Amino acid sequence: MSDLYSFPPPPSPDAMEWPGTPIGAGNCITRTKTRTAVHDKTIDRTEGRRDALVNAAVAHITRRAGQEPVYRHDVIIHGVRVRATTNSPHLYDYWVDNWYSPEEWKSITGLTPVRDPQVTVYALGGVVDQQEAAYYSRKTSTIIFFNTAYYGQLKSWVLGAVGRVLAAEYGIHSIHGACVEKDEKGVLYIAPTGTGKSTSSYGLMTYPRTRFHSDDWVYVRYTYPTAGGRRIHPMRIRRRDGSEVRGYPVFRWLETQAGAHADATVIGLDLENQETAVPITELDFSGPMEAYAYTSEKIFYLRTNLVENFPDSSMQLLRSKMENVPDVSAEYLRLYGGMLEDLVKAIREEGGEVTEFFAGQSQEDVKRLLARMIAFDNARAMLDIGKVLPRERVFSNPMEPTRMANVVLLKRNREDPSVAERLSLSAFMSALLLGETPDKKREIAYNAYRATDDEEENAYIAGLEREARGGELFRVFERKRDVPETLREEFELFRVMHRACRCYALNTTLTADPDVKDRKEAVGLTINLIARLIDQQPEELRLTLRDYRAFISEPPERTAVSPKP
């Protein structure tokens, strides 16, 4: 792609970050623009490895004391305190913008944050005796990055580490996905890159009575009703002998052992996030489980190519800090000239401040700005979504939940004539175990940044595939007793998700319909279909290219959403 876009060269061979050609509120170019070639999440296997890496980080800080800045900043991510130490101005800048400080957390949620960090991060550049690499110790919840300033990997690994703490200690499910609320019902999208997750979530905001929840990462709590009418997310079961069941195994225990332990106590969280203890006999097992989703980020770190499908976001993106936005060549402008012309037209016709923002700029200048934001798939911005959408239509309190009624697994497979279907437990779990992307790569749970031993998990699933012989993978998986702990943890919570929500698969390939004239129409039909799913929540569903239009023949009411200044 070098003939289509490029980045300014580093000022020195060892530079880790440097300014790019100006755009927005800043444009930082990082030497590494994706995950590091060396990335090891298994350092606990080697005695003393974690301590040696931390000592190397501390030694570098000590050697360079007074010669370079060192930033230390704590944040709160769904109640978990994370402490980062870095000498990268770029990583520090984005870290502070992305998450809630302890003071912000308390001010917004009214909750007092824990005092001590539960996850510790070192991210240091210029460490001459270390290779460019990323390391993770699950045993101590420690992340160590050397000689990389790419924020995307740091953010994702931190979320993965926080997720391990939440699942093991509290039974809270961390998911790489996006969430939107419609008519007080949340829909969660879980999807590999390139299947329309952002398009689907932002597109749904064109309907009334919708609120934007999450763009990238969601925390889910699974609740039981009580005899008194409250809902409780169970964290621990305390038996009469004083022993406890803690974290994600609680749900299976309640399903299979509750009847034999009528004297047990359930310690959990209510919907106001207050810890409470109730006798197990107070849980109403005849009532439905419900799932509640919570957002994670203060300011969203997202791809700048959002403007390709939502040109009305361009003004606020161009007021935001950016990372790895390239320069584009004349060849790129020629190849994609038609698309860029359409986007400029949409901006000119938007009206209001968006149109005024671009009024003094030439057609060619606006096209080039848009092209730069679209050309490189991993160019990012730190965007306050409350400045794109009306503030009241965005979840701004990280502890305000939405009741999650629907889960949609997105895929993009032009060889598959199916459009949408309700998923059985086995089909739902099998799809997530494989996590197949459009280019046939594997991402378990559609999440490449889980805090796990990827090699061990992938080898284990490959063995399951051989045993399944083309059948549904989960039927083999659920019989196993030797499942890696990280897989057992994650998929136990996905099993509970299927119980609490209606789960569907959606194939975002309506351009394969011969009656669809272009991609824009295909996107509109897809969003219409999702809105219909939320409204109807069908018990049974199986749509193909031949019959999906009948399902959406009476489209739900739509409304224009004007971006905020």
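The values are calculated or read from the model by the stated rules, or taken from the named source; none is laboratory data. Everything numeric here is computed off the predicted structure, so don't read it as measured data. When we count neighbours, we look across all protein chains shown, and the Cβ atoms used for this are built from the backbone with ideal geometry, even at glycine.
Look at residue 403 and say whether it is part of a strand (DSSP E or B) and basic (Lys, Arg).
It is true that residue 403 is part of a strand (DSSP E or B) and basic (Lys, Arg).
Taking the condition assigned to a helix (DSSP H, G or I) and at pLDDT below 90, does residue 523 pass?
yes
Restricting the stretch 165-194 to residues that are of a type outside the set (Gly, Ala, Ser), farther than 16 Å from residue 295 by Cα and surrounded by 22 or more Cβ atoms within 10 Å (Cβ to Cβ), which is nearest to the chain's Cα centre (by Cα)?
192
Exactly one condition in (1) part of a loop (DSSP other than H, G, I, E, B); (2) in contact with a strand residue (DSSP E or B) (Cβ under 6 Å, 6 or more places away or on another chain); (3) without any contact (Cβ under 8 Å) to a residue 24 or more places away in the chain is not met by residue 22; state its number.
All conditions are met except number (2).
Condition check ((1) over 27 Å from residue 398 (Cα atoms); (2) at pLDDT 95 or above; (3) surrounded by fewer than 20 Cβ atoms within 10 Å (Cβ to Cβ)) across all residues:
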{"site": "272", "(1), (2), (3)": "no, no, yes"}
{"site": "333", "(1), (2), (3)": "yes, yes, yes"}
{"site": "340", "(1), (2), (3)": "yes, yes, no"}
{"site": "345", "(1), (2), (3)": "yes, no, yes"}
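For the stretch 8-32, which residues satisfy the criterion of being small (Gly, Ala, Ser), surrounded by fewer than 18 Cβ atoms within 10 Å (Cβ to Cβ) and either within 20 Å of residue 383 (Cα to Cα) or in the same structural domain as residue 90 (by TED's automatic domain parsing) (or both)?
Start the filter on the stretch 8-32 by keeping residues that are small (Gly, Ala, Ser), which leaves 12, 15, 20, 24-26.
Still in the running and surrounded by fewer than 18 Cβ atoms within 10 Å (Cβ to Cβ): 12, 15, 25-26.
Answer for the stretch 8-32, where residues must be small (Gly, Ala, Ser), surrounded by fewer than 18 Cβ atoms within 10 Å (Cβ to Cβ) and either within 20 Å of residue 383 (Cα to Cα) or in the same structural domain as residue 90 (by TED's automatic domain parsing) (or both): 25, 26.
May I ask you to list the residues in the stretch 326-356 that are among the polar types (S, T, N, Q) and not in a loop (DSSP other than H, G, I, E, B)?
355
Output the residue which, of all residues in the stretch 50-65 that are of a type outside the set (A, V, I, L, M, F, W, C) and either in contact (Cβ under 8 Å) with a residue 12 or more places away in the chain or surrounded by 17 or more Cβ atoms within 10 Å (Cβ to Cβ) (or both), is farthest from residue 134 (Cα to Cα).
Filtering first and then ranking leaves 64.
Do we have residue 389 as of a type in the set (A, V, I, L, M) and buried (at least 20 other Cβ atoms within 10 Å of the Cβ) here?
Details: of a type in the set (A, V, I, L, M): yes; buried (at least 20 other Cβ atoms within 10 Å of the Cβ): yes.
Yes.
I'd like the full set of residues that are surrounded by 22 or more Cβ atoms within 10 Å (Cβ to Cβ) and either in contact with a Gly (Cβ under 7 Å, 6 or more places away or on another chain) or not hydrophobic (A, V, I, L, M, F, W, C) (or both), limited to the stretch 220-231.
221, 222, 223, 224
Determine whether the stretch 201-216 contains at least one residue that is surrounded by 21 or more Cβ atoms within 10 Å (Cβ to Cβ) and without any contact (Cβ under 8 Å) to a residue 60 or more places away in the chain.
Yes.
Mind telling me which of the residues 506, 529, 543 ends up being in contact with a helix residue (DSSP H, G or I) (Cβ under 6 Å, 6 or more places away or on another chain), within 18 Å of residue 196 (Cβ to Cβ) and touching a residue at least 60 places away in the same chain (Cβ under 8 Å)?
Details: 506 fails: in contact with a helix residue (DSSP H, G or I) (Cβ under 6 Å, 6 or more places away or on another chain); 529 fails: in contact with a helix residue (DSSP H, G or I) (Cβ under 6 Å, 6 or more places away or on another chain).
Every option except 543 fails the conditions.
Can you tell me which residue among 486, 452, 526, 508 is surrounded by 18 or more Cβ atoms within 10 Å (Cβ to Cβ), closer than 29 Å to residue 159 by Cβ and touching a strand residue (DSSP E or B) at 6+ places or on another chain (Cβ under 7 Å)?
Sole residue among the options that is surrounded by 18 or more Cβ atoms within 10 Å (Cβ to Cβ), closer than 29 Å to residue 159 by Cβ and touching a strand residue (DSSP E or B) at 6+ places or on another chain (Cβ under 7 Å): 508.
Within the stretch 255-265, does at least one residue satisfy the condition of being under 30 Å from the mean Cα position of the chain (by Cα) and under 24 Å from residue 402 (Cα atoms)? Talk me through it step by step, then tell me what you get.
First pass over the stretch 255-265, keeping only residues under 30 Å from the mean Cα position of the chain (by Cα): 255.
Subset that is under 24 Å from residue 402 (Cα atoms): none.
No.
For the stretch 105-125, state whether one or more residues are closer than 17 Å to residue 31 by Cα and out of contact with any Asp or Glu (no Cβ under 8 Å at 6 or more places or on another chain).
yes
Just the residues that are within 19 Å of residue 489 (Cβ to Cβ) and charged (D, E, K, R), please, taken from the stretch 130-175.
138, 139, 164, 169
If the requirement is being surrounded by 17 or more Cβ atoms within 10 Å (Cβ to Cβ) and over 28 Å from residue 231 (Cβ atoms), which of these qualifies: 464, 493, 533?
464
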